[in-house]
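The values are calculated or read from the model by the stated rules, or taken from the named source; none is laboratory data. It should be emphasised that the depicted structure is a prediction, and the values quoted were computed from it without experimental measurement. Heads up, the Cβs are rebuilt from the backbone with ideal geometry, glycines too, and the neighbour counts pull from every protein chain shown. Calculation scope for accessible area: heavy atoms of the full protein, side chains included, ligands and nucleic acids excluded. Shrake-Rupley method; radii C 1.70, N 1.55, O 1.52, S 1.80 Å.
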Amino acid sequence: MKHTIHESKIKTVQLPGRLHKMIVKPENMGTKRMCFGIADFPAQAHAPAHVHKKEEEIIYILTGSGKMFFDGKSEPIKPGTCIFIPPKVVHSINNTSKQVMKLVYVFSPPVVQGSYDKK
């Protein structure tokens, strides 16, 4: 079993408002209860509202700033902000900065990349 992987080996996927790389997932690392990745939101980008039916998500903001919306209510986010999103909470992200917002995320259980963009 493989224990390491480099980001450069992962294909970037264009999702609404962001570029997405799911680095660790069941298909490439054999995970059963989680997946991990990174996303880049261009300056002034918006990821539309969506919901995860059964998955919990943790997001950590590395660069950029903006607003995170939870069931329509916004909270400010900036580098160092850690976000927990329980299942069934409608959420979206606005990058209001003039730079790329880079974040890392973890889902548990694993999610199919992009399947949650349909609300």
request  = Look at residue 38 and say whether it is β-branched (Val, Ile, Thr) and free of Cβ contacts under 8 Å to residues at least 60 places away in the same chain.
outcome  = no
query = Among the residues of the stretch 27-66, how many are of a type in the set (Gly, Ala, Ser) and out of contact with any Phe, Trp or Tyr (no Cβ under 9 Å at 6 or more places or on another chain)?
reply = 4
Considering residues of the stretch 59-93 that are in a loop (DSSP other than H, G, I, E, B) and of a type in the set (A, V, I, L, M) only, the residue least open to solvent (accessible area, probe 1.4 Å) = 89
query = Just for the stretch 4-48: of the residues that are in contact with a strand residue (DSSP E or B) (Cβ under 9 Å, 6 or more places away or on another chain) and of a type in the set (Asp, Glu), which one is most open to solvent (accessible area, probe 1.4 Å)?
reply = 7
remark   = When the stretch 94-119 is checked residue by residue, the ones that are surrounded by 13 or more Cβ atoms within 10 Å (Cβ to Cβ), at pLDDT below 95 and not in a loop (DSSP other than H, G, I, E, B) are 116, 117
query = Among the residues of the stretch 49-58, how many are closer than 14 Å to residue 84 by Cβ and open to solvent by 40 Å² or more (accessible area, probe 1.4 Å)?
reply = 2
ask   = Taking the stretch 35-61 on its own, how many of its residues are of a type in the set (Gly, Ala, Ser) and under 11 Å from the mean Cα position of the chain (by Cα)?
value = 3
